[in-house]
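The values are calculated or read from the model by the stated rules, or taken from the named source; none is laboratory data. All values reported here derive from a predicted model rather than from experimental measurement. A quick note on method: Cβ atoms are made from the backbone with ideal geometry, for glycine too, and the neighbour counts reach across all protein chains shown.
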Amino acid sequence: MQVAILCGGLGTRIREETELKPKPMVEIGNKPILWHIMRGYSHFGHNDFVLCTGYKGDVIKQYFLNYQNHIQDIEIDLKTSKVSHLGTMEENLPWTIRIQNTGVHTLTGARLKRATRYIDDDIFLATYGDGVSNVDINAVIAHHHAAGKRATVVAVRPSSRFGELALEGDAVTSFNEKPQTGSGWINGGFFVFQKDIFEELPDDDDITLEDGLLQQLSEAGELSVYRHSGFWQCMDTQREMNLLEKYWQSGKAQWKLW
């Protein structure tokens, strides 16, 4: 099943990282967060991607055009302009990637509508380019088919903004930096869509996914929910980027299913 990933936002809340590159190219563990998201889908057998770019989309194009050069040691012969890869590839990913310029200021719903020109099947997956999770994608797809709705959204419990203390009397018995203890459910940013939903939308840059299409679908009773109580983390701020890096470096990256 094909996967459309929204990669075109400005990333204004993490501006120190996005002056020269789009937010999906901000690195966690020396790899763009976009790579982590794609590896997650690939783990469940979904290797056909449509990247909906906008702001600094050429950075994404250049990364994948030169992917082997990014991940391997190389030897360059300036006399012949020959580039040789040294050693063996650390990975051989079976990805097909279509990179589409959907416009710098285009909103999320309109980006996905434009992506459908490269979507071949009646049903496709979609997500944002700045969040990771250990959600079982194939379980979400199975839920979508069973629900019989036109779209499915993964709901997650948001992380607490503050450290959680476990107390006994006047003593702290444990401290959890950012627990998954939110009391309510929020949009986790992982979706299954019927393609024809987008054919019904007007060709308008200002169509949002969240306040537009998803609101319409929910009002029509056509949006099912898959509840995911496991790991989920978006990367909206520098603090969240640092938190994901901390997880990766400590070997506690729960989204690393591969």
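Annotations
- Flag for ILE5 being crowded, with 22+ Cβ neighbours inside 10 Å and farther than 19 Å from ALA110 by Cβ: no
- Residue that is modelled with the highest pLDDT [pool: residues in segment 78-104 that are in a loop (DSSP other than H, G, I, E, B) and of a type in the set (Ser, Thr, Tyr)]: THR102
- When the residues of segment 115-130 are filtered to those that are part of a helix (DSSP H, G or I) and not β-branched (Val, Ile, Thr), the one that is nearest to LEU34 (Cα to Cα) is ALA115.
- Condition broken by ASN176, with the remaining ones in (1) surrounded by fewer than 16 Cβ atoms within 10 Å (Cβ to Cβ); (2) at pLDDT below 95; (3) within 20 Å of the chain's Cα centre (by Cα) satisfied: (3)
- Residue within segment 157-173 that is surrounded by 22 or more Cβ atoms within 10 Å (Cβ to Cβ), at pLDDT below 95, under 18 Å from the mean Cα position of the chain (by Cα) and not in a helix (DSSP H, G or I) present: no
- Sole residue being surrounded by fewer than 17 Cβ atoms within 10 Å (Cβ to Cβ), small (Gly, Ala, Ser) and touching a residue at least 24 places away in the same chain (Cβ under 8 Å), chosen from GLY40, GLY29: GLY29
- Put simply, of ASP77, ASP73, ASP120, ASP130 the only residue that is under 17 Å from the mean Cα position of the chain (by Cα), on the phi < 0 side of the Ramachandran plot and of a type in the set (D, E, K, R) is ASP130.
- Pairing each residue of segment 235-257 that is in a helix (DSSP H, G or I) and surrounded by fewer than 14 Cβ atoms within 10 Å (Cβ to Cβ) with any residue that is small (Gly, Ala, Ser) and modelled with pLDDT of 95 or more, provided the two are 6+ apart or on different chains, yields C-beta distances under 9 Å for GLN249/GLY29.
- Remark: pairs (first residue in segment 198-225, modelled with pLDDT of 90 or more and in a helix (DSSP H, G or I); second residue charged (D, E, K, R) and surrounded by 13 or more Cβ atoms within 10 Å (Cβ to Cβ); Cβ separation under 7 Å; 6+ apart in sequence or on different chains) = PHE198/LYS113; LEU217/ARG150.
- Taking segment 1-26 as the range and being over 26 Å from PHE198 (Cβ atoms) and touching a residue at least 60 places away in the same chain (Cβ under 8 Å) as the test, the residues that pass are ARG13, ILE14, GLU16, GLU17, VAL26.
- For segment 49-73, a residue qualifies if it is touching a Leu at 6+ places or on another chain (Cβ under 7 Å), surrounded by 12 or more Cβ atoms within 10 Å (Cβ to Cβ), outside any helix (DSSP H, G or I) and not aromatic (Phe, Trp, Tyr), and the qualifying residues are CYS52, GLN72.
- Selection of segment 3-44 for residues being aromatic (Phe, Trp, Tyr) and in a loop (DSSP other than H, G, I, E, B) yields only PHE44.
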